[in-house]
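A short worksheet on the structure shown next.
The values are calculated or read from the model by the stated rules, or taken from the named source; none is laboratory data. The model shown is predicted, which means the values in this text are computed figures rather than measured ones. Virtual Cβ from ideal backbone geometry, glycine too; neighbours counted across all protein chains shown. Accessible surface areas use protein heavy atoms only, side chains included; no ligands, DNA or RNA. Shrake-Rupley method; radii C 1.70, N 1.55, O 1.52, S 1.80 Å.
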Amino acid sequence: MTDTPSKVDDPRHPRWVYAHGSEPDPRFTLANERTFLAWARTVLGLLAGAVALHSFRVPTAEGVRVGVIAVLVLTAILCTVFAMVRWARVERAMRERRPLPAFSAGFILAGALLVIGVLLGFSLVL
């Protein structure tokens, strides 16, 4: 009898990730989890910024404030989805000994932060 469960008996989810390939080096799996947690911290920061802008009524222009808050919350939602999908894609690629997927989510986040920065800068000029 082996210490590792068969793929059929493996209780881990999502199955579409864990049911393929072989176990990668645990260090790589743990690094992938740390990257996911870094994305989660980014999401918390975005949401904290949205709450702060709403609570302190900054910037003072109502439309700009609502727009920036909406972009922050939307970016947080998208980052959450991208983080979950990226974690799964990287884990599956490691298990199947394939090249890792491209880092497109980072560019999307950078673009969203650029928009937020421009909106906040615009609001300070008003």
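Of Leu74, Leu78, all but one fail to be in contact with a helix residue (DSSP H, G or I) (Cβ under 9 Å, 6 or more places away or on another chain), over 30 Å from Gly21 (Cα atoms) and surrounded by 12 or more Cβ atoms within 10 Å (Cβ to Cβ); the exception is Leu74. Of all residues in region 77-100, those that are closer than 13 Å to Trp39 by Cβ have Cβ atoms under 7 Å from Cβ atoms of residues that are among the β-branched types (Val, Ile, Thr) and open to solvent by less than 70 Å² (accessible area, probe 1.4 Å), 6 or more apart or on another chain, in Cys79/Thr42; Cys79/Val43; Thr80/Val43; Ala88/Val17.
Does Thr42 fit the bill of being open to solvent by 30 Å² or more (accessible area, probe 1.4 Å), part of a helix (DSSP H, G or I) and touching a residue at least 60 places away in the same chain (Cβ under 8 Å)? So Thr42 fits the description; yes. Here Leu74, Leu47, Leu37 are screened, and the one residue that is farther than 23 Å from Asp25 by Cβ and modelled with pLDDT of 95 or more is Leu47. For Ser104, state whether it is among the hydroxyl-bearing types (Ser, Thr, Tyr), open to solvent by 50 Å² or more (accessible area, probe 1.4 Å) and either over 30 Å from Asp10 (Cα atoms) or in contact (Cβ under 8 Å) with a residue 60 or more places away in the chain (or both). When the stated conditions are applied, Ser104 passes them. Can Arg34 be described as closer than 20 Å to His13 by Cα, surrounded by 15 or more Cβ atoms within 10 Å (Cβ to Cβ) and out of contact with any Leu (no Cβ under 9 Å at 6 or more places or on another chain)? No, not satisfied.
In this structure, is Arg95 open to solvent by less than 70 Å² (accessible area, probe 1.4 Å), more than 15 Å from Leu47 (Cα to Cα) and touching a Gly at 6+ places or on another chain (Cβ under 7 Å)? Yes. Condition (residue is outside any helix (DSSP H, G or I) and β-branched (Val, Ile, Thr)) applied to region 73-90: is it met by at least one residue? Scanning region 73-90 turns up no residue that is outside any helix (DSSP H, G or I) and β-branched (Val, Ile, Thr). If you filter region 91-126 down to residues that are assigned to a helix (DSSP H, G or I) and basic (Lys, Arg), you find that the one that is nearest to Thr60 (Cα to Cα) is Arg92. Test Ile69 against the criterion of being among the β-branched types (Val, Ile, Thr), in contact with a Leu (Cβ under 8 Å, 6 or more places away or on another chain) and over 21 Å from Val17 (Cβ atoms), and give yes or no. Yes; evaluated as a whole, the condition is true for this residue.
For Gly49, the criteria (1) under 18 Å from Leu114 (Cα atoms); (2) surrounded by fewer than 15 Cβ atoms within 10 Å (Cβ to Cβ); (3) not hydrophobic (A, V, I, L, M, F, W, C) hold in every case but one, which is (2).
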